[in-house]
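Below: the structure, in structure tokens.
The values are calculated or read from the model by the stated rules, or taken from the named source; none is laboratory data. These figures come from a predicted structure and were not determined experimentally. Every residue, glycine as well, gets a Cβ built from its backbone with ideal geometry; the counts of neighbours run over all protein chains shown. Keep in mind that these areas ignore ligands, DNA and RNA; they rest on the heavy atoms of the full protein, side chains included. Shrake-Rupley method; radii C 1.70, N 1.55, O 1.52, S 1.80 Å.
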Amino acid sequence: SFAQERLWFIDRLEPGSAVYNICVAWRLEGALDAAALERALGEIVRRHEALRTTFSEVDGSPVQVIAPFGGFSLAVEDLSGLGEADREAALRRRAGEEARRAFDLSAGPLFRAALLRLGTEDHVLLLSVHHIVGDGSSLGVLYRELSALYEAYREGRTSPLPELAVQYADYARWQREHL
């Protein structure tokens, strides 16, 4: 899309910048099924091609490259052995590191997730996406889908979500053809 092209160009001007990172940290309290969470995130990555997209350069212009889904692994970091003050400091430090960690638009992935275990029933899910493949509205979709998928997988059911009829690359193609 034209918006993606602008972000790609800005990334060429300021390589390694984290200015266009979108990062969220969701505190998850209560019993957590980490396997169901990992499976739900994997299904989101499978469903949404944008989360598997990177950008190559062809004749000086960006071109979307959509990788086939090859699975998803949720990084888990256990901070539960630390004292309360050290644990909270480590959580803030880790969230800050993730927010400052640059994305490589040509290599990807442009979506990252990590689960920080603070205690038996206390976790923080860190999600990061480059703005070239996501925005505030996308996070709302991600949250709704993650909730529905996690609940289904935790209960041993299949995905309740229908396949997507349109992907972002379809929109980008339409935009280029019509504008």
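Annotation note: Cβ proximity below 8 Å between a residue of segment 102-126 that is within 27 Å of Arg6 (Cβ to Cβ) and a residue that is in a loop (DSSP other than H, G, I, E, B) and of a type in the set (D, E, K, R) (sequence gap 6+ or interchain) occurs for Arg112/Arg101.
Tell me whether segment 99-113 contains one or more residues that are open to solvent by less than 40 Å² (accessible area, probe 1.4 Å), over 28 Å from Gly81 (Cα atoms) and touching a Gly at 6+ places or on another chain (Cβ under 7 Å). Yes, there is a match, as at least one residue in segment 99-113 is open to solvent by less than 40 Å² (accessible area, probe 1.4 Å), over 28 Å from Gly81 (Cα atoms) and touching a Gly at 6+ places or on another chain (Cβ under 7 Å). Of Phe55, Phe72, all but one fail to be buried (at least 17 other Cβ atoms within 10 Å of the Cβ) and in contact with a Pro (Cβ under 6 Å, 6 or more places away or on another chain); the exception is Phe55. Out of Ala25, Ala67, one residue alone is hydrophobic (A, V, I, L, M, F, W, C), surrounded by fewer than 19 Cβ atoms within 10 Å (Cβ to Cβ) and touching a Gly at 6+ places or on another chain (Cβ under 8 Å). It is Ala67. Any residue that is under 29 Å from Pro15 (Cβ atoms) and at pLDDT below 95 - is there at least one of those in segment 73-85? Scanning segment 73-85 turns up no residue that is under 29 Å from Pro15 (Cβ atoms) and at pLDDT below 95.
Within segment 156-179, the set of residues being within 14 Å of Ala40 (Cα to Cα) and surrounded by 12 or more Cβ atoms within 10 Å (Cβ to Cβ) comprises Ser159, Leu161. State yes or no: is Ala95 in contact with a Cys (Cβ under 6 Å, 6 or more places away or on another chain) and touching a residue at least 40 places away in the same chain (Cβ under 8 Å)? Judged against the criteria, Ala95 is not a match. Pairs only if they're at least six apart or on different chains, beta carbon under 7 angstrom, first in segment 164-179 and part of a helix (DSSP H, G or I), second hydroxyl-bearing (Ser, Thr, Tyr) and modelled with pLDDT of 90 or more; list them, first residue then second. Going by the 7 Å Cβ cut-off, the qualifying pairs are Tyr171/Ser1; Ala172/Ser1; Gln175/Ser1. Scanning segment 128-147 for residues that are open to solvent by 30 Å² or more (accessible area, probe 1.4 Å) and of a type in the set (A, V, I, L, M), we see that the one that is nearest to Leu105 (Cα to Cα) is Leu139.
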